[in-house]
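The values are calculated or read from the model by the stated rules, or taken from the named source; none is laboratory data. Please read these numbers as outputs of a predicted model, since none were measured by experiment. With ideal geometry, Cβ positions are generated from the backbone for all residues, glycine too; neighbour counts draw on all protein chains shown. These accessible areas exclude ligands, DNA and RNA; they are computed on the full protein's heavy atoms, side chains included. Shrake-Rupley method; radii C 1.70, N 1.55, O 1.52, S 1.80 Å.
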Amino acid sequence: MAAADLMVIFIDVILRRFPSYYYPLCFLDITPVCSVAGALFCAARDCSVWFTVTFAFDRFVTICCQKLKTKYCTEKTATVVLATTCTLFCLKNIPFYFQYEPQVIINNVSFYCQTKSSYFTETQWVALDWFDTVLTPLLPFASILLLNAVTVRHILATIQVRKRLKGKSKGENRRDPEMECRKKSVILLFTISGNFILLWSIIVLHFLYYVIQGINTADYPPLLYDFSKVGYMLRNLSCCTNTFTYAATLPRFRAKFRNAVKSLLT
């Protein structure tokens with residue numbers, strides 16, 4: 001998941017944004033190259049989002065399905081799930097290579113990528129755009145909310161049972177490390193869900209606006225143009241924050257990160 005988040009930033013910021021500001025008319029601006037970068041970005045974005053969904057499902061199984069936990073929560077299963085997810089989304093985003101057309105032609109070489117006007121009007125492109133948006137982020141919205149709601153409900157029920165068993169209801173005040181751990185899990189799940197929905201909400205509103213209005217985003221007035229760019233910025237931010245959230249809250253994640261740094265230094 002951290003690798004997918006890193007790929008989003010690498011592809012969108014370094015390969016797509018930096019050249020247009022600091023290195024005009026470089027190799028990365030050739031239309032076929034930036035079209036490949038656009039399709040790769042869509043794949044990395046989808047993987048980043050859906051790895052978050054698979055993580056939420058993994059936590060759901062770990063906490064709520066003790067019988068399934070021993071079979072599902074294994075390194076082999078994680079490898080199969082992640083590899084399958086990555087492969088499917090790479091294949092799904094191949095058509096997005098063809099959504100771009102050259103912006104200028106210099107010495108018979110096409111430069112820059114702009115979205116075709118037909119992308120916003122032709123049935124097949126509109127259907128693909130709807131499918132893409134439902135798949136990312138609308139379906140992940142619903143999946144993460146459902147999984148986290150069931151997980152939190154199970155955790156809260158378990159906390160109440162432990163309180164009764166340990167005599168909390170009678171006024172005793174003994175520290176319960178297991179209960180504290182479960183409360184942290186609840187906070188983590190709410191943080192992930194809220195962060196994901198908040199940072200993707202502007203992109204969803206932007207999508208609904210240009211679909212309902214049926215206009216090309218290149219024809220936006222300045223205010224709407226800035227609104228869409230803020231949405232893209234927050235979407236990229238969403239692909240970064242989960243990793244930092246896990247690093248801040250999960251001791252095993254921090255231990256893995258420290259080991260990686262030590263191995264690089266030594």
**OP:** Would you mind telling me the share, in percent, of accessible area of the chain contributed by carbon and sulfur at probe 1.4 angstrom?
**Re:** 67
**OP:** If a cysteine in the chain has no other Cys Cβ under 4.7 Å from its own Cβ, put it on the list, ordered by number.
**Re:** CYS26, CYS42, CYS47, CYS64, CYS65, CYS73, CYS86, CYS90, CYS181, CYS239, CYS240
Original post:
Of the cross-linked pairs LYS183/LYS262; LYS71/LYS183; LYS76/LYS184; LYS229/LYS262, which ones have a Cα-Cα span greater than 29 Å in the structure shown?
Top reply: LYS183/LYS262; LYS229/LYS262
Original post:
Amide H neighbours of ILE30 under 5 Å, counting only residues 5+ apart in sequence or on other chains, H built in-plane at 1.01 Å?
Top reply: TYR112
Subject >> Among THR70, TYR232, ALA2 - extreme Cα towards positive end, dipole of the chain, charges at beta-carbon >> reply: THR70
**OP:** Please get the size of the charge dipole for the chain, origin at its Cα centre, with Cβ charges of +1 on Lys and Arg and -1 on Asp and Glu, quoted in debye to the nearest 20.
**Re:** 2220
Original post:
Taking Cα pairs under 8 Å and at least six residues apart, what relative contact order does segment 49-186 come out at, in percent?
Top reply: 27
Original post:
What accessible area per residue comes out for segment 106-258, rounded to a whole number of Å², with a 1.4 Å probe?
Top reply: 60
**OP:** Mind ranking PHE196, PHE27 by accessible surface for me, highest first, 1.4 Å probe?
**Re:** PHE27, PHE196
Original post:
Where does the chain land at 222 nm, in deg cm²/dmol rounded to the nearest 500, when only DSSP H runs of n ≥ 4 count, each adding -39500 (n - 2.57), divided by all residues?
Top reply: -24500 deg cm²/dmol
Original post:
Just how large is the dipole of segment 181-266 about the Cα centre, in debye to the nearest 20, putting +1 at every Lys and Arg Cβ and -1 at every Asp and Glu Cβ?
Top reply: 920
Original post:
For the chain, what is the per residue volume of the convex hull drawn over the alpha-carbon atoms, in cubic angstrom?
Top reply: 182
**OP:** Please arrange ARG258, ARG59, ARG252 by accessible surface area, largest first, computed with a 1.4 Å probe and ligands excluded.
**Re:** ARG252, ARG258, ARG59
Original post:
Quick one: Cα centre-to-centre distance for segment 1-20 and segment 218-264, in angstrom?
Top reply: 11
**OP:** Within the set of other residues whose C-beta is less than 14 Å from the C-beta of VAL134, count the net charge using Lys and Arg as +1 and Asp and Glu as -1.
**Re:** -2
**OP:** Go ahead and set up a Gaussian network model of the chain, Cα springs under 10 Å, then flag whichever of ARG153, ARG254, ARG45 fluctuates most.
**Re:** ARG254
Subject >> ³J(HN,Hα), Karplus 6.51/-1.76/1.60, whole Hz, each residue of segment 3-8, x for Gly, Pro >> reply: 5, 5, 4, 5, 5, 4
Subject >> Eligible aspartates and glutamates near LYS163 by straight Cα distance, threshold 16 Å, same-chain separation 8 or greater >> reply: GLU172, ASP176, GLU178, GLU180
**OP:** Count charges around SER118 for me, please; just the other residues with Cβ under 15 Å from its Cβ, Lys/Arg as +1, Asp/Glu as -1.
**Re:** -3
Subject >> Cα gyration tensor category, rounded, prolate or oblate, for segment 5-101 with a/c compared to 1.5 >> reply: prolate
Original post:
Taking square-rooted eigenvalues a ≥ b ≥ c of the alpha carbon gyration tensor, is segment 193-258 rounded, prolate or oblate, where a/c under 1.5 means rounded and, failing that, a/b exceeding b/c means prolate?
Top reply: prolate
